[in-house]
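What follows is a short report on a single structure.
The values are calculated or read from the model by the stated rules, or taken from the named source; none is laboratory data. Worth saying up front: this structure is predicted, and the values here are computed from it rather than measured. Cβ placement follows ideal geometry from the backbone for every residue including glycine, while neighbour counts extend to all protein chains displayed. Ligands, DNA and RNA are excluded from the accessible area calculation, which covers all protein heavy atoms including side chains. Shrake-Rupley method; radii C 1.70, N 1.55, O 1.52, S 1.80 Å.
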Amino acid sequence: MIPHLDLKQINRPYQAEIAEAMQRVAESGWYVLGKEVAAFEQSWAAYCGVSHCIGVANGLNALELIFKAFDFPEGSEVIVPANTYIASILSVTSLGLKPVWVEPDPKTFNIDPKKIERKITPKTKAILAVHLYGKCCTMKPIWELAQTYGLKIIEDAAQAHGATYAGLKAGNLSDAAAFSFYPTKNLGALGDAGAVTTNNAELARKISSLRNYGSTIKYYNDHVGTNSRLDELQAAILNVKLRYLDAENIRRRELARYFLSEIKNPDLILPNLKTLYEDAWHLFVVRHPKREEFIDYLMDNGIQATVHYPVPPHKQRAYAEYNHLSLPITEQIHNEVVSLPLHPALTNEEAAYIVQTINQSVLQSHAAVGYYSGV
Ligand SMILES: *Cc1c(COP(=O)(O)O)cnc(C)c1O
């Protein structure tokens with residue numbers, strides 16, 4: 001079987017270096033917020049092209065700490081993409097802020113910049129730009145809106161390590177960006193980890209204090225903070241794996257290019273080719289009108305495809321107060337998306353087999369005519 005993702009296989013090439021880094025930390029006698037974290041913060045800031053990076057416990061905390069640091073009045077509105085992973089939205093609601101949902105552009109899966117302006121009210125304070133599946137949002141119109149209306153932009157870059165837009169890296173496209181280094185991400189630790197990147201020195205200082213109980217000098221607290229510290233073990237592992245991120249992203253792009261040129265199946269809508277070399281290809285997401293049958297067909301042929309994501313945030317039981325909303329583009333996307341296996345350890349033979357299997361499937365070809373006229 002070709003699994004959707006095999007973390008053991010992905011981490012195997014770095015096993016010796018990871019073991020050495022772990023040993024070094026184990027023997028150091030210093031386990032939380034130390035030299036390894038400081039080194040990673042410096043390297044990740046440099047990689048993203050920003051002046052500050054703050055290591056935190058996970059990606060959700062990174063987003064929450066950014067909102068906490070901005071200290072928007074309770075009930076302020078944040079423009080969010082309706083088509084995203086629930087963590088993006090949780091960061092907004094957990095701070096007592098109100099998500100204002102905007103539909104995606106079906107060609108990019110990301111927030112449709114054309115639909116943002118009509119949602120801006122006097123209570124709007126920020127726009128959350130989620131670079132879903134590894135593709136940066138179309139930032140130029142978002143920058144212009146933020147300028148015009150005096151809004152902050154926050155990136156959820158949890159899926160976009162190394163992605164670029166207009167020559168700039170994800171993490172350097174806004175006032176502050178959140179990264180996750182959850183094991184499945186393009187840069188993944190062997191546990192939970194996250195970071196905030198920003199060019200705003202004051203914001204960086206505040207977040208760095210907030211993650212450690214609101215304290216910069218031990219036992220003196222300037223802010224009502226929290227515990228969201230990054231540990232030395234994860235930072236040491238990230239320091240190893242960061243050296244290979246670019247090579248891994250190049251491999252992801254190579255596979256994406258291969259899929260985009262070789263998959264020929266009228267039932268499928270393939271991801272947009274236009275940003276092939278900018279995208280980080282965290283996921284290779286296609287759309288199929290009969291998704292479940294397509295997934296079963298692949299599984300019968302030894303290919304594990306998955307769904308990111310089956311239920312949009314506004315339709316989750318956790319968000320009952322938003323269940324009545326109608327966001328048809330988001331809902332259709334959530335009904336049709338399928339993520340094919342695409343990761344740096346996928347072999348050429350596996351990729352060829354995936355293409356061949358998909359090209360031989362004829363589940364829906366008659367109904368495909370006019371399919372693009374939907375959204
Ligand atoms: C993974 C992810 C997060 C949350 O990161 P954690 O480290 O799991 O907290 C947030 N947003 C998006 C888009 C993600 O993919």
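Taken along its three principal axes, the alpha carbon spread of region 1-156 comes to 55, 42, 27 Å, from the longest extent down to the shortest.
A Cα-only calculation for region 65-124 places Rg and Dmax at 11.8, 35 Å. When each of the peptides 179-186, 353-360, 109-116, 10-17 is scored by how many other beta carbons lie within 10 Å of its residues on average, the order from highest to lowest is 179-186, 109-116, 353-360, 10-17. Checking the Cα-Cα distances for LYS68/LYS107; LYS185/LYS290; LYS8/LYS115 against a 31 Å cut-off, the pairs over it are LYS68/LYS107; LYS8/LYS115. Taking only the Cα atoms of region 245-364, the ratio Rg/Rh comes out at 1.01, with Rh defined as the Kirkwood radius.
In the context of the full set of protein chains, the chain has a per residue accessible area of 44 Å² (1.4 Å probe). Computed from the C-alpha gyration tensor, the three semi-axes of the ellipsoid equivalent to region 1-46 are 27, 15, 9 Å, from longest to shortest. Residues whose amide H lies under 5 Å from that of LYS152, counting only those 5 or more places away or on a different chain, are ALA126, ILE127; hydrogens are built 1.01 Å from N in the peptide plane. If you average 1/r over all unlike Cα pairs in the chain and invert the result, what Kirkwood radius do you get in angstrom? Its Kirkwood hydrodynamic radius stands at 21.4 Å.
Simple point charges give the picture: +1 on the Cβ of Lys and Arg, -1 on the Cβ of Asp and Glu, and for the chain a dipole about the Cα centre of about 600 debye. Packing-based ranking of 329-341, 255-267 yields 329-341, 255-267, ordered from highest to lowest mean Cβ neighbour count within 10 Å. Heavy atoms only, probe 1.4 Å: what % of the accessible area of the chain goes to carbon and sulfur, would you let me know? Summing carbon and sulfur atoms, their accessible area is 53 percent of the total for the chain.
For region 108-189, the fraction of alpha-carbon pairs lying more than 20 Å apart is 30 percent, rounded to a whole number.
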